[in-house]
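Here the structure comes first, spelled out in structure tokens, and everything after it is commentary.
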């Protein structure tokens, strides 16, 4: 087992990474202060892992909350169902919520923990690649609104993250690929060595070789932990973690949440961001093409859904949280391994990028 | 104008108290960082003050959100309406919310500010006595759940509080009385001199003499600011501000929110807390009777609604946020001007108190 730390002073917490950690009761009990525990999961993950986690926590008063599966359920109404269960069971401020599942479960459980009685503890037990390498770390919690993704939420750090690599064995291929989009993102924004390594090893990663899965989770978590420790509330550098997300969120909102996986939309967004970066003279066209090859080798889409217009892109992108007083800002690549947020791009270049990708 | 400060380090903020402050644009503009402002108010307050505040903020892009009036609307669904308006108008992280109204408007607007794009600024402009002396200060924000009051929320401090005493001239008598319950509370928990002064001056206060209204708002805000600065997140002493609230919340939940005013329920709760304190030998029976006289002189109820049983009280009180791992804790009075939170009371004494007040 590898233990990383997200260094945030009194809110610092460990990320445990390894195989079969889900059964290690000590990892949980170290971080549970009271007698009450609520395991929040979804219909897909519950049959696979809920009984096991419940067994490990048998010394506590445990309730289970099983939510429907899918990004379309990441709403205030679903979070309210978590509150219903907590209040019906009379859980108090000393309860601990356990988020067992992917990013949607983690985001909603974390937001419920942030708001229940004005804040209780929670533990992240991510069971997808995307949640292990990205969403379970850093304390961003929340839900979607019909007019924008993750528009309602809170910064609320978990007490710990238990990333069990073995749970990736039950992950559908499409979900593995969606997670790889965020893994590739770390290479693009801050780790060119890792990016090159991914170009060489993608085939073995898709074969789910345990030592490779372990490496990509550890390396990604290291990069994320460093960036979050630098800038917890995204007042500065943390924003580079949103590479591809402004285009990606527009795709997700246009399609209706739950149609494309988040990682798939981010993959397309990263290609579009790279294309715009090339138009600004920062990347070579060859580097953009290499990115397309890498994403395709990870079985990810590289162009937006058919039928989405440039105007629709622009309209939905303007709802982005990075917009400041009406000015659109985008995370772009100065080079491979170096990202920046900027509003210093001409509308003409952005229009050209959109025109290139509109089918 | 008197300016008090809530001392919370980088989250410190001023409370401005005086007459006709609502028209003083500088008080707002000092605390507004961006170009967008959303004024959130309700149907009752809007016709009285919305146009005036809008006029003062005419240099900004202002939207208005007018909510229904009443505690029964203090729900997640109503907060979602605020999000709808903010997103429809494309307000970003630099927006500032202005809560114009009483405690319900302030609690919901503050919670919306805490959660919109994971946190934006807000300004409290309390227009009721209760919100001026209590709920607008200290950063407690949130909504009710059918199973418990204020169960969903966040700590989110305002950028400033603008308490315009002149707005109390339009306050109905019952709402003035409801606010006086919280004023009397400060005397009971930490200011025996103020308590004696209130006993002498209650008639003049009810006549709304400006200098007396000004004094009770300033004195109450001073006490609240001191307690909040000591203990922002209610890990210790701040809990004494909940004197009477465990009984009171049970009454509000039993009746359905919006039937009794919050301050009315708190008044009854304070009498019941004083009665229990007397059974523990901490207060004289005479002091309990003097409290009843003072609350009655402020035109407040001193016994629970007819039909509410002891079992219903106990059941609803157990949902309280002060319950720790199943143990009920109550704020009680060691003496007039000195409150403590304790679970060290016999169930028998609590039963006797409940039996005395059940009709």
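The table that follows gives values for the structure above.
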quantity	calculated
Other-copy label distances relative to residue B:84, 7 angstrom Cα-Cβ extension, nm	2.0
Extension gain (nm, one decimal) between residue B:197 and residue B:293, 0.36 nm per residue minus Cα-Cα	33.1 nm
Inter-copy spacing of residue A:346 label points, which lie 7 Å from Cα along Cα→Cβ, given in nm from shortest upward	8.7
Nitroxide proxy distance, nm - points 7 Å out along Cα→Cβ at residue B:89 and residue A:19	5.7
Peptides ranked, highest mean first, by Cβ atoms within 10 Å: ranges B:188-198, A:200-210	B:188-198, A:200-210
Candidates A:243, A:97, A:147: whichever shows maximal mean-square fluctuation once chain A is modelled as a Gaussian network with Cα springs under 10 Å	A:147
Label-point gap, in nm, between residue B:211 and residue A:255 - each point 7 angstrom along Cα→Cβ	7.1
Descending Cα extents along the principal axes, the range A:190-357, whole Å	45, 36, 34
Peptide B:318-326 - average C-beta neighbours from other chains (10 Å radius)	5
Chain B, Rg to Rh (Cα coordinates; Rh as Kirkwood inverse mean 1/r)	0.96
Chain B: angle of helix B:347-357 to the longest principal axis, Cα-based, in degrees nearest 10	80
Whole-number D in µm²/s for the range A:279-359 (Stokes-Einstein; Kirkwood sum over Cα pairs; 20 °C, 1.002 mPa s)	151
Global form of the range B:116-215, assessed from the alpha-carbon gyration tensor, a/c cut-off 1.5	prolate
Whole-number D in µm² s⁻¹ for the range A:2-170, Kirkwood Cα-pair radius fed into Stokes-Einstein, 25 °C, 0.890 mPa s	158
7 Å along Cα→Cβ, label-point gaps from residue A:70 to other copies, nm, shortest first	3.6
Percent antiparallel among DSSP beta bridges (both partners in chain A, rounded to 5)	40
Choice from B:324, B:283, B:212 showing the highest fluctuation, given a GNM over chain B with Cα pairs closer than 10 Å	B:324
C-alpha long axis of helix B:210-230 to longest principal axis of chain B, angle in °	80
Global geometry of the range A:1-80, whether rounded, prolate or oblate, following the gyration tensor of its Cα atoms and the 1.5 cut on a/c	prolate
Acute angle (nearest 10 degrees) that the helix B:192-206 long axis makes with the longest principal axis of chain B, alpha-carbon atoms	70
Beta bridge orientation in the protein assembly as shown: antiparallel %, DSSP, nearest 5	45
Shielding by other protein chains, B:111-117, mean Cβ within 10 Å	5
Rounded to 5, the percent of DSSP beta bridges in the range A:2-170 classed as antiparallel	30
Ranked packing of B:59-67, B:302-310, A:260-268, most packed first, by mean Cβ within 10 Å	A:260-268, B:59-67, B:302-310
Choice from B:105, B:183, B:53 with maximal GNM fluctuation in chain B (Cα, 10 Å cutoff)	B:53
P(r) weight above 36 Å for the protein assembly as shown, C-alpha pairs, percent	45
Mean ellipticity per residue at 222 nm, deg cm²/dmol - from DSSP H runs of n ≥ 4 across chain A, formula -39500 (n - 2.57)	-13500 deg cm²/dmol
Viscosity 1.567 mPa s, 4 °C: Kirkwood-radius Stokes-Einstein D of the range A:178-233 over Cα pairs, µm²/s	111
Ranked list, fewest to most other Cβ atoms within 10 Å of each Cβ, for A:5, B:109, A:78, B:246	A:5, A:78, B:246, B:109
Test item: B:29-41 mean partner chain Cβ contacts at 10 Å	1
Förster radius 25 Å - calculated FRET efficiency between residue B:52 and residue A:325 (Cβ-Cβ, nearest 0.05)	0.45
Rel. contact order, % - alpha carbon contacts under 8 angstrom, at least six apart, the range A:1-67	30
Mean separation of Cα contacts under 8 Å (6+ apart) over length of chain A, as relative contact order %	16
Relative contact order for the range A:190-357, counting Cα pairs under 8 Å that sit 6 or more residues apart, in percent	26
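Read-outs throughout are calculated quantities, based only on the coordinates presented, and are distinct from any laboratory measurement. Everything quoted here is computed from the prediction, not taken from an experiment. Quick reminder, even Gly has a Cβ in these numbers, built from the backbone with ideal geometry, and neighbours come from all protein chains shown.
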